[in-house]
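Input: a single structure, listed below in structure tokens.
The values are calculated or read from the model by the stated rules, or taken from the named source; none is laboratory data. As the structure is a prediction and not an experimental result, all values here were calculated from the model. Counting neighbours? That spans all protein chains shown, and the Cβs are built from the backbone with ideal geometry, glycine included.
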Amino acid sequence: MKQQTPIAITGGRLVTPEGIVEGALRLEDGRIASVGGEAKDGDDVVDAAGQLVTPGLVDLGVFAIDKPAFHFGGITRAALMPDQSPPLDFPSRVRFAAQSGKPDFWVHPLAGATVGLEGAQLAEIAMMRDAGARAIATGRSWIADSGVMLRLLQYAAMLDMVVVTHCEDSALAGKAVATSGEIATRLGLPSAPAVAEELAVARDIALAELVGARLHLRQVTTASALELVRAAKARGVAVTAGVTPAHFMLSDLALAEFRTFARLSPPLRSEEDRQAVIAAVGDGTIDVIASGHDPRGPEDKRLPFVDAAPGMAGAETLLAMVLTLVRDGVIGMERAFDLVARNPATLLGVEAGLLAEGAEADIALVDPERPWVVDSRKMAAQAGNTPFDGQPSQGRVTALWKGGVAIPL
């Protein structure tokens, strides 16, 4: 799949890292040829009709490749978590995953940090890097052995690769399905204190700081853990933090009717923590917002809350939920696309995620005001397990290009 004709997208508002600019966006040979200029003779002209012209989204940390859902949400690249069957802990599996979405979607596999994701023996990370892995990930679980984590971070620093970690002390979290507090007590749900996240974040930051490794905390969802991230950044530690929309849109009040679509990992937090996440997005403590896309069918979700599998189908709702932060004045439009495109692309080391000359021509047209209602029955994902089911939303992708080639929506 290769772009055949130069394209000029005109009449739109170009969302660049410096702000929104006017003019044409030209795409040529699969790359961005110019930003804010004019169309040239021979260009295939596309009228954006006042819509936003944005980079395609880069989703950092998905659990399944679900192209129809990703395309619906304007996602052109995704970093695939190693929690597959079998896990991505071997070079040939990484190489296969890296080819699995092409040509109209690019998958960036994350190498499993340990053999079988069991947290004991380091996997062949350098070989997986050569096979196409863009970062290293601990998977759905935290590496409890500090010695193993130290060796992992030392190895990653030597290879100049980011370590993506799940921050939840497993000894404290156990089989909890909720955060300790009034809601968990009222519902009689097994719960764990929010400090389980703080302890994991503190340990991982301390080790990363010790060896000078790059660390990405995939989901930071509590006020205390966010304070640790702020302090580490102030000291110059190479740490970044992410979150999914569920943790700034919902609190543990969403568990009130035992709705298993709200069974997530980490679990939904208190309203105080939710507000802390919003503040952290606004002040730059959080660097990435990802979908956490994890489609789960009825066999996993139509169960008692305690027995249901955690996870949500998030690809289709990612952009709409992030745009709520723009409408609420928490962030500007350019910052929104830094969170969902530019920053994750930077962490993965790919030339995408922003409107800049020479970058990959992964482009979306977005109508930020277009209304729609999230309906789990009509989602393009393999399963519609979204905690936002029935929620009125605004913001839809109306056109999408991958490497300068239009993708049917």
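Here is how the numbers come out for the structure above:
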read-out: Among residues of the stretch 1-14, those that are of a type outside the set (Val, Ile, Thr) and part of a strand (DSSP E or B), counted; value: 3
read-out: Residue among Phe248, Phe261 that is of a type in the set (Phe, Trp, Tyr) and surrounded by 24 or more Cβ atoms within 10 Å (Cβ to Cβ); value: Phe248
read-out: Strands (runs of 3 or more DSSP E) (entirely within the stretch 15-100) containing at least 1 residues that are within 19 Å of Pro344 (Cα to Cα) and touching a strand residue (DSSP E or B) at 6+ places or on another chain (Cβ under 6 Å); value: 52-55, 57-62, 75-80
read-out: Counted residues, the stretch 34-49 - those being over 17 Å from Thr16 (Cβ atoms) and without any contact (Cβ under 8 Å) to a residue 40 or more places away in the chain; value: 9
read-out: Residue under evaluation Ala171, criteria (1) within 22 Å of Gly112 (Cβ to Cβ); (2) of a type outside the set (Asp, Glu); (3) within 25 Å of the chain's Cα centre (by Cα), criterion not met; value: (3)
read-out: Any helices (runs of 4 or more DSSP H) falling wholly within the stretch 235-313 and containing at least 1 residues that are of a type in the set (Lys, Arg) and farther than 19 Å from Glu168 by Cα; value: 298-301
read-out: Count - residues of the stretch 139-179 that are part of a loop (DSSP other than H, G, I, E, B) and basic (Lys, Arg); value: 2
read-out: The stretch 188-222, residues that are farther than 28 Å from Ala156 by Cα and either touching a residue at least 12 places away in the same chain (Cβ under 8 Å) or buried (at least 20 other Cβ atoms within 10 Å of the Cβ) (or both); value: Leu189, Pro190, Ser191, Ala192, Pro193, Ala194
read-out: Given (1) of a type outside the set (Asp, Glu); (2) buried (at least 18 other Cβ atoms within 10 Å of the Cβ); (3) not in a loop (DSSP other than H, G, I, E, B), number of the condition Thr398 does not satisfy; value: (2)
read-out: Failed criterion for Val53 (all others in (1) surrounded by 24 or more Cβ atoms within 10 Å (Cβ to Cβ); (2) of a type outside the set (S, T, N, Q); (3) closer than 30 Å to Ile136 by Cβ; (4) more than 15 Å from the chain's Cα centre (by Cα) hold); value: (3)
read-out: Number of positions in the stretch 1-32 that are modelled with pLDDT under 95 and surrounded by 20 or more Cβ atoms within 10 Å (Cβ to Cβ); value: 0
read-out: Filtered residue count, the stretch 20-52, keeping only those that are out of contact with any helix residue (DSSP H, G or I) (no Cβ under 9 Å at 6 or more places or on another chain) and closer than 30 Å to Met81 by Cβ; value: 3
read-out: Residues (touching a Phe, Trp or Tyr at 6+ places or on another chain (Cβ under 8 Å) and part of a helix (DSSP H, G or I)) located in the stretch 314-329; value: Ala320, Met321, Leu325
read-out: Where Thr185 falls short, out of the listed (1) modelled with pLDDT of 95 or more; (2) under 30 Å from Phe261 (Cα atoms); (3) buried (at least 20 other Cβ atoms within 10 Å of the Cβ); value: (3)
